[in-house]
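K.L.:
Following this message is one structure expressed as structure tokens.
The values are calculated or read from the model by the stated rules, or taken from the named source; none is laboratory data. Because the structure is a prediction, the values reported are computed rather than measured. Don't worry about glycine lacking a Cβ; one is built from the backbone with ideal geometry, like all the others, and counts go over all protein chains shown.
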Amino acid sequence: MLFRSLLLTVVFVCRALAQENPEWTTPHAPFRVIGNVYYVGSKDLASYLITTPQGHILINSSLTSSVPQIQKNVEALGFHFGDVKILLISHAHWDHAAGSAEIKRLTGAKYMVMDSDVSVVESGGKTDFHYGAEAGSHFPPTKVDRVLHDGDEVKLNGVVLVAHKTPGHTKGCTTWTMKVREDDKTYNVVIVGSPNVNAGYKLVDNAAYPTIAQDYESTFRTLNSLPCDVFLGAHGGYFGMEAKFARMKAGGANPFVDHEGYKSYVAEREQAFRKELAKQTGQ
Ligand SMILES: [Zn+2]
């Protein structure tokens, strides 16, 4: 009986992982967000192409099944997938990093990953502090070409992306920032890695990740300190991608320029973290 309920639990967890949000795999039309920043992801799994005249940077390889969608989107915008020189991720979970091995194979891009996420991507998810033992969260192991540290810059032909370590959700979760020029104005772009405390995350007495609560604290300090004009993130849901895309098509001011939306998103996520922490510490 115990074995049976254990088995059911295992089956349920695996199924929960396998049953991805359908919006993760639903294709979405690619579009220019601002300047040289393009959205090339699905309805909810955000991938970004940052273009230069001599090659491009791609952020988030997403699921293995996302790779043909991303390639199609890049090409629909008139760019060559083979011109992707650098591959980055928001964090080392399968929904952002599973396609990396295939994208490296197709493009020869250099894969650059935050220090504390390196072992997770190179083990194909097996060293993840929370999902490591769950087969449904594993993905093709991928060799990292450059290990990034907090504050490191990734440069390509004048484009400079800054890697801000925003840990907690994963140990090396990364929030990317860059400046873009459009119509003689400079905008601060923020691509949020993830401030989310997933279901089942232990914030207290977590032997696999003892500093998890402190790390979330430092993440919120960082997110609160970043200047943000253009609010983006690892999932379209973070920043209301679809509603903004619809508004963009209707014309008018660029809806992705949303300083207030960023502020209220970070404040809401910080509150959710504090609520969960209080619950787990029994306060
Ligand atoms: Zn995640």
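K.L.:
So, of the residues in segment 59-85 that are surrounded by fewer than 24 Cβ atoms within 10 Å (Cβ to Cβ) and under 25 Å from SER137 (Cβ atoms), which turns out to be nearest to the ligand (Cβ to nearest atom)? Working first, answer last.
P.N.:
Applying the first criterion (surrounded by fewer than 24 Cβ atoms within 10 Å (Cβ to Cβ)) to segment 59-85 yields 63-65, 67-69, 71-72, 75-83, 85.
Checking which are under 25 Å from SER137 (Cβ atoms) leaves us with 63-65, 67-69, 71.
Values: LEU63: 12, THR64: 16, SER65: 17, VAL67: 18, PRO68: 22, GLN69: 19, GLN71: 23 Å.
The extreme case among them is LEU63.
Residues are listed down the side, and each one gets a yes or a no for (1) in contact (Cβ under 8 Å) with a residue 40 or more places away in the chain; (2) out of contact with any Ser or Thr (no Cβ under 7 Å at 6 or more places or on another chain); (3) hydroxyl-bearing (Ser, Thr, Tyr):
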| site | (1), (2), (3) |
| --- | --- |
| VAL120 | yes, no, no |
| SER123 | no, yes, yes |
| ASP128 | yes, no, no |
| ALA133 | no, yes, no |
| PRO141 | yes, no, no |
| ARG146 | no, yes, no |
| ASP150 | no, yes, no |
| GLU153 | no, yes, no |
| LEU156 | yes, no, no |
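K.L.:
Please state which of the following conditions LYS244 fails to meet, knowing it meets all the rest: (1) at pLDDT 95 or above; (2) in a loop (DSSP other than H, G, I, E, B).
P.N.:
Unmet condition: (2).
K.L.:
Show me the strands (runs of 3 or more DSSP E) entirely contained within segment 109-170 in which 1 or more residues are within 26 Å of THR222 (Cα to Cα) and of a type in the set (Asp, Glu). Please lay out each step first, then the result.
P.N.:
Numbers: elements: 110-114, 146-148, 153-156, 159-165.
Here the list reads 153-156.
K.L.:
Give segment 199-212 a look and list any residue that's part of a loop (DSSP other than H, G, I, E, B) and either more than 13 Å from the ligand (Cβ to nearest atom) or farther than 18 Å from LEU277 by Cα (or both), or say none. Give the derivation first.
P.N.:
As a first pass, look at segment 199-212 and keep what is part of a loop (DSSP other than H, G, I, E, B): 199-211.
Within segment 199-212, LYS202, LEU203, VAL204, ASP205, ASN206, ALA207, ALA208, TYR209, PRO210, THR211 meet the criteria.
K.L.:
Of all residues in segment 4-60, count the ones that are under 29 Å from GLY132 (Cα atoms), at pLDDT below 95 and not in a helix (DSSP H, G or I).
P.N.:
5
K.L.:
Report yes if VAL147 is away from the ligand (no atom under 16 Å from the Cβ), β-branched (Val, Ile, Thr) and more than 15 Å from the chain's Cα centre (by Cα), otherwise no. Before you say what the answer is, go through the steps one by one.
P.N.:
Working: away from the ligand (no atom under 16 Å from the Cβ): yes; β-branched (Val, Ile, Thr): yes; more than 15 Å from the chain's Cα centre (by Cα): yes.
Criteria met by VAL147.
For every residue, the table says whether it meets (1) farther than 23 Å from ARG32 by Cα; (2) within 16 Å of the ligand (Cβ to nearest atom); (3) surrounded by 13 or more Cβ atoms within 10 Å (Cβ to Cβ).
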| residue | (1), (2), (3) |
| --- | --- |
| ASN224 | yes, no, no |
| CYS228 | no, no, yes |
| PHE231 | no, no, yes |
| LYS244 | no, no, yes |
| PRO255 | no, no, yes |
| HIS259 | no, no, yes |
| SER264 | yes, no, no |
| ARG269 | yes, yes, yes |
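K.L.:
Can you tell me which residues in segment 125-153 are small (Gly, Ala, Ser), surrounded by fewer than 19 Cβ atoms within 10 Å (Cβ to Cβ) and over 24 Å from LEU226 (Cα atoms)? Lay out the reasoning, then the answer.
P.N.:
Step one: of segment 125-153, the residues small (Gly, Ala, Ser) are 125, 132-133, 135-137, 151.
If we keep only those that are surrounded by fewer than 19 Cβ atoms within 10 Å (Cβ to Cβ) too, we end up with 132-133, 135-136, 151.
Once the filter is applied, which keeps residues that are small (Gly, Ala, Ser), surrounded by fewer than 19 Cβ atoms within 10 Å (Cβ to Cβ) and over 24 Å from LEU226 (Cα atoms), segment 125-153 yields GLY132, ALA133, ALA135, GLY136.
K.L.:
Let me ask something else. Only one of (1) at pLDDT 95 or above; (2) over 19 Å from the mean Cα position of the chain (by Cα); (3) under 30 Å from VAL204 (Cβ atoms) fails for HIS235. Which number is that?
P.N.:
(2)
K.L.:
Still on this structure, please answer the following. Report the residue count in segment 212-238 for those that are without any contact (Cβ under 8 Å) to a residue 40 or more places away in the chain and not acidic (Asp, Glu).
P.N.:
Initially, segment 212-238 is screened for residues without any contact (Cβ under 8 Å) to a residue 40 or more places away in the chain, giving 214, 217, 221, 225, 227.
Those left that are additionally not acidic (Asp, Glu): 214, 221, 225, 227.
Total meeting the criteria: 4.
K.L.:
If I go through segment 180-198 residue by residue, how many of them are within 16 Å of the ligand (Cβ to nearest atom) and either over 11 Å from the mean Cα position of the chain (by Cα) or of a type in the set (Gly, Ala, Ser) (or both)? Reasoning before the result, please.
P.N.:
Initially, segment 180-198 is screened for residues within 16 Å of the ligand (Cβ to nearest atom), giving 191-198.
Still in the running and either over 11 Å from the mean Cα position of the chain (by Cα) or of a type in the set (Gly, Ala, Ser) (or both): 193-194, 196-198.
Looking only at that region, the number is 5.
K.L.:
Test PRO68 against the criterion of being without any contact (Cβ under 8 Å) to a residue 12 or more places away in the chain and more than 18 Å from the chain's Cα centre (by Cα), and give yes or no.
P.N.:
Values: without any contact (Cβ under 8 Å) to a residue 12 or more places away in the chain: yes; more than 18 Å from the chain's Cα centre (by Cα): yes.
Taking the combined requirement at face value, the residue satisfies it.
K.L.:
Here is a follow-up. If you check LEU156, LEU161, which single one turns out to be closer than 21 Å to GLY55 by Cβ and crowded, with 19+ Cβ neighbours inside 10 Å? Even if it seems obvious, please write down each step before you answer.
P.N.:
Numbers: LEU156 fails: crowded, with 19+ Cβ neighbours inside 10 Å.
Going through LEU156, LEU161 in turn, the sole match is LEU161.
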